[in-house]
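One structure is given below, encoded as C-alpha cells.
The values are calculated or read from the model by the stated rules, or taken from the named source; none is laboratory data. Keep in mind it's a predicted model, so treat the numbers as computed, not measured. Cβ placement follows ideal geometry from the backbone for every residue including glycine, while neighbour counts extend to all protein chains displayed.
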Amino acid sequence: MSQYAIEIRGLSHDYEPLHPAVHDVTLSLRQGTWVAICGQNGAGKTTMVKHLNGLLKPTSGAVMVDGLDTRQASVAELARHVGFVFQNPDHQIFCATCREEISFGPRNLGEPDKVIHARTEEALAWFDLVPYAEHPPALLSYGQRRLVALAAVLAMQPSILVLDEPTVGLDAASAEGLLQRIQDIHRRGCTIVLVTHDIALAARYAQEMVIMAQGRVLLHDRTRPVLAQPEILQRADLEPPQITHLCQSLSHLGLPKDATTVQEAAKAILAQLRRLP
Amino acid sequence: MALAELANVAYAYPPLAPGLPSPVVLRDVSLRVEAGEFVALMGRTGAGKSTLCMCLNGVVPQSTGGRLTGAISVLGHDPRQVPTARLAREVALVYQDAECQLIMPTVEEEVAFGPGNLGIDRAEIAERVAWALRLVGIEELCHRPPSQLSGGQMQRVAIAANLAMLPRLLILDEPFAGLDPAGRRQVANAICRLRAEREIAVLLATTNAEIAAETADRIAILDDGCIALDSPPADAFAHTEIIAKTGVGRPSVTELAAALNRELGTAYAWTTLPQARDDLERLLLPGRPA
C-alpha cells in the first residue's frame with residue numbers, strides 16, 4: 001500500500017459554475033501524520049475535506065484514501081477508513097441518548113455486541129460523558145454535543161480522522177482535554193486532518209500545515225517553517241499565535257520568528273537579556 | 001439604572017422526562033451591564049453562558065419553559081412579562097449556531113428580515129442592509145443563498161442581520177469562534193465602533209481569553225451557576241486560582257508575563273499584545289537604564 005493515507009490530485013470542486021470552491025489542489029499526506037488545514041472563511045477547507053469521505057465527488061481530479069478512489073468507493077465503504085467530525089455537531093447527532101449515539105457507528109459496521117459495548121463505554125469514559133450516557137444529546141450544551149459527535153466517530157476506530165474546527169465553542173480546559181485525546185489517537189497510528197483557522201492550535205499539535213486561500217493551496221510544509229513565514233499567513237488572512245506574533249514584532253531585538261510556546265518565548269527573552277551589556 | 005441587570009437569578013430547565021429532576025443551570029447570578037459597556041461572559045463548556053444570554057431576550061423561559069426566579073431588568077422591562085417580539089426591537093442575540101437562525105433565500109433578504117418585521121420603510125431597510133453587510137465585510141455575498149456559504153460566512157450573515165436591527169443591547173454567543181482572524185478583527189472593530197457611536201451595550205459570551213482581553217471592559221466568569229468573578233481584564237486574569245478552577249484560559253501574553261515575573265522579579269500584568277510589546281521593547285533595548 002502507498003505510504004500516503006491521502007492523495008489528492010488536481011482536485012477542483014464547483015458548487016455552482018463560476019464559483020469554484022476548490023481549485024486544482026494537489027496534496028499528499030503521509031500515513032500517521034497530523035496535518036492542519038488552515039485558511040480564512042470560505043477558503044475551501046471544508047469543501048476539500050468533504051472529498052475525503054466521499055460526501056463530495058470531484059468536479060475534476062481525483063482523491064485516493066487508503067488506496068481507495070473516492071469516485072468509486074461508496075460513502076459507507078469510506079466510513080470504515082475515514083471518521084469525520086463536522087463543524088456543527090448537530091449535523092451528525094440524531095439518537096435518543098448519548099450511549100445510543102456512540103454505539104450507532106460500530107453497530108452499522110456490523111461489529112459484534114461485545115465490541116460495540118466495549119467501545120461505547122470506553123468512548124463515554126474518555127470524554128467524561130458517563131453521567132450523560134442516558135441523556136438526549138440534544139439537551140447537552142453545544143460543547144458537550146461536540147464531544148458526543150467525536151466520541152461517536154472514534155468508536156468506529158477509523159484510520160483517518162477528519163476534524164472540522166473541533167474546538168470552536170469549547171472552553172480552554174475542554175479544548176485542551178479534547179486535543180490530548182486526539183493526540184492519544186494519533187499515537188495509536190491514526191492520521192489526523194485538522195481543519196482550523198486557529199493557528200495557535202495548529203502550531204501546538206500539528207506536524208504539518210497546509211495553508212489555503214481562495215480554493216488553492218498556498219503552502220504545504222512542516223509546521224515550524226510555515227509559522228516563520230508571516231507573509232504567507234497574511235496572504236491567507238491568518239494570524240500567527242499571539243506568542244509567535246509578539247516575538248515576530250520584536251525580532252529586531254533578537255527574538256526568534258518561530259517561537260510558538262510561552263516557555264520558548266520566555267527562554268529567548270531571558271537569553272537576550274543576558275546578552276545585553 | 002443599568003441597561004440590563006440580573007439580581008439573584010436562578011433557572012432550571014424543565015425535566016428531560018416526567019419524573020426526572022429539573023437540570024439547574026443558573027443558581028445565583030447577579031450581573032449589571034451599563035449603556036455603552038462591553039462585558040465578556042466566560043466560563044467552561046456547559047457553564048450556562050448561552051442560557052444566561054437567552055434570559056436577557058426572554059427566550060428563557062418563554063420558549064424553553066422551566067423555572068426562572070430572581071429579578072431581571074432589560075431596558076426597563078422584565079423579559080418574563082414582555083413578549084419576546086417586543087424585546088427583539090432593542091435586544092439582539094446572535095446565537096452560537098448561526099445556521100439555525102438563517103431562514104431566507106438570499107443573504108440580502110436575510111439581513112432585511114428583522115427590520116422588515118419592525119415595519120420600517122423599504123428605503124431605510126435597504127440602507128440598513130447595505131450598512132450591516134459592509135460592517136461585517138460580506139457585501140459581495142448579498143445575492144448568495146446563506147445555505148451555500150461557509151460556516152464563518154454564515155456567522156457573519158447572522159451578525160449583520162442582528163446589527164441591522166440597531167439594537168441597544170447586542171448579545172453575542174461565541175460569535176467569533178467560527179471566524180478567521182481577519183473576519184474577527186473586522187467584526188470586533190465594527191462592534192466597538194457601534195458601541196462608541198450609539199452607546200450600545202455588548203455582552204459577549206466567549207471561551208477565547210485573548211479576544212475577551214482585547215475587547216471587554218469587564219470579564220464576568222460563570223461557574224457552577226454563579227458569577228465567580230467580575231472585574232476588568234487585568235484584574236480578572238490575575239486571579240490565577242479562580243481562572244484555573246473555572247476552566248477559563250489566560251491570554252498567552254499573560255502567561256508570559258507570569259513566567260518572566262518569576263525569573264526577573266518584575267510585576268508585568270499584560271493582557272494584550274501591544275502592552276507586552278511595549279514593555280519588552282523597553283526591556284530589550286540595548287543601552288536601557290539598569
Requested in this report: Would you confirm whether any residue within the stretch A:226-239 is within 14 Å of the chain's Cα centre (by Cα) and β-branched (Val, Ile, Thr)?
Outcome: no
Within the stretch A:27-51, restricting to residues that are within 12 Å of chain B (Cβ to nearest Cβ) and of a type in the set (Ser, Thr, Tyr), the one that is nearest to A:Gln87 (Cα to Cα) is A:Thr46
Over the stretch B:29-69, the set of residues assigned to a strand (DSSP E or B), of a type outside the set (A, V, I, L, M) and buried (at least 16 other Cβ atoms within 10 Å of the Cβ) is B:Arg32, B:Phe38
Q.
I'd like to know if the stretch A:199-212 contains one or more residues that are more than 21 Å from A:Thr46 (Cα to Cα), touching a Cys at 6+ places or on another chain (Cβ under 7 Å) and within 11 Å of another protein chain (Cβ to nearest Cβ).
A. no
Item to complete: Return a yes/no flag: does the stretch B:71-85 have any residue that is modelled with pLDDT under 95, closer than 21 Å to B:Asp217 by Cβ, touching a strand residue (DSSP E or B) at 6+ places or on another chain (Cβ under 6 Å) and among the aliphatic types (A, V, I, L, M).
Response: no
Can you find even one residue in the stretch B:257-265 that is modelled with pLDDT under 95 and exposed (fewer than 14 other Cβ atoms within 10 Å of the Cβ)? no
* Does B:Leu26 satisfy the condition of being on the phi < 0 side of the Ramachandran plot, surrounded by 17 or more Cβ atoms within 10 Å (Cβ to Cβ) and part of a strand (DSSP E or B)? -> yes
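Listed here are the residues, each with its yes/no results for (1) touching a Gly at 6+ places or on another chain (Cβ under 9 Å); (2) at the interface with chain B (Cβ under 9 Å from one of its Cβ atoms); (3) modelled with pLDDT of 90 or more.
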site: A:Leu139; (1), (2), (3): no, yes, no
site: A:Val148; (1), (2), (3): no, no, yes
site: A:Pro158; (1), (2), (3): yes, no, yes
site: A:His186; (1), (2), (3): yes, no, yes
site: A:Leu194; (1), (2), (3): no, no, yes
site: A:Pro230; (1), (2), (3): no, no, no
site: A:Leu246; (1), (2), (3): no, yes, yes
Checklist entry - Does A:Val226 meet the test of being more than 11 Å from chain B (Cβ to nearest Cβ), without any contact (Cβ under 8 Å) to a residue 60 or more places away in the chain, buried (at least 18 other Cβ atoms within 10 Å of the Cβ) and under 23 Å from B:Arg184 (Cβ atoms)? => result yes
Restricted to the stretch B:155-178 and to residues being assigned to a helix (DSSP H, G or I) and facing another protein chain (nearest Cβ under 9 Å), the residue farthest from B:Arg195 (Cα to Cα) is B:Gln155
Determine whether the stretch A:172-181 contains at least one residue that is among the charged types (D, E, K, R) and under 14 Å from B:Thr207 (Cα atoms).
-> yes
Note: among B:Leu229, B:Leu256, just one is within 14 Å of chain A (Cβ to nearest Cβ) and without any contact (Cβ under 8 Å) to a residue 40 or more places away in the chain, namely B:Leu256
Those residues of the stretch B:167-218 which are among the β-branched types (Val, Ile, Thr) and more than 17 Å from B:Val91 (Cα to Cα) amount to B:Val187, B:Thr206, B:Thr207, B:Ile211, B:Thr215
Problem set entry | Residue within the stretch A:167-177 that is buried (at least 22 other Cβ atoms within 10 Å of the Cβ), without any contact (Cβ under 8 Å) to a residue 60 or more places away in the chain and either more than 11 Å from chain B (Cβ to nearest Cβ) or out of contact with any Leu (no Cβ under 9 Å at 6 or more places or on another chain) (or both) present | yes
Checked B:Ile211, B:Ile242 against criteria (of a type in the set (A, V, I, L, M, F, W, C), within 12 Å of chain A (Cβ to nearest Cβ) and surrounded by 14 or more Cβ atoms within 10 Å (Cβ to Cβ)); the one match is B:Ile211
Of the residues in the stretch B:70-116 that are touching a Phe, Trp or Tyr at 6+ places or on another chain (Cβ under 9 Å) and under 24 Å from B:Arg195 (Cβ atoms), the one that is surrounded by the fewest Cβ atoms within 10 Å (Cβ to Cβ) is B:Gln101
Can you find a residue that is assigned to a strand (DSSP E or B), among the acidic types (Asp, Glu), closer than 30 Å to B:Gly249 by Cα and in contact (Cβ under 8 Å) with a residue 40 or more places away in the chain anywhere in the stretch B:1-12? yes
Condition met for A:Leu250 (in contact with a Lys or Arg (Cβ under 9 Å, 6 or more places away or on another chain), farther than 25 Å from A:Val153 by Cβ and within 11 Å of another protein chain (Cβ to nearest Cβ)) = yes
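Here's the yes/no breakdown for (1) more than 15 Å from B:Val248 (Cα to Cα); (2) in contact (Cβ under 8 Å) with a residue 40 or more places away in the chain; (3) in contact with a Phe, Trp or Tyr (Cβ under 6 Å, 6 or more places away or on another chain):
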{"position": "B:Leu179", "(1), (2), (3)": "yes, no, no"}
{"position": "B:Arg218", "(1), (2), (3)": "no, yes, no"}
{"position": "B:Asp223", "(1), (2), (3)": "no, yes, no"}
{"position": "B:Ala234", "(1), (2), (3)": "no, no, no"}
Being closer than 29 Å to B:Pro181 by Cα, of a type in the set (A, V, I, L, M, F, W, C) and touching a Pro at 6+ places or on another chain (Cβ under 7 Å) narrows B:Val129, B:Val136, B:Val111, B:Val107 down to just B:Val107
Any chance A:Phe84 is assigned to a strand (DSSP E or B), surrounded by 15 or more Cβ atoms within 10 Å (Cβ to Cβ) and modelled with pLDDT of 90 or more
yes
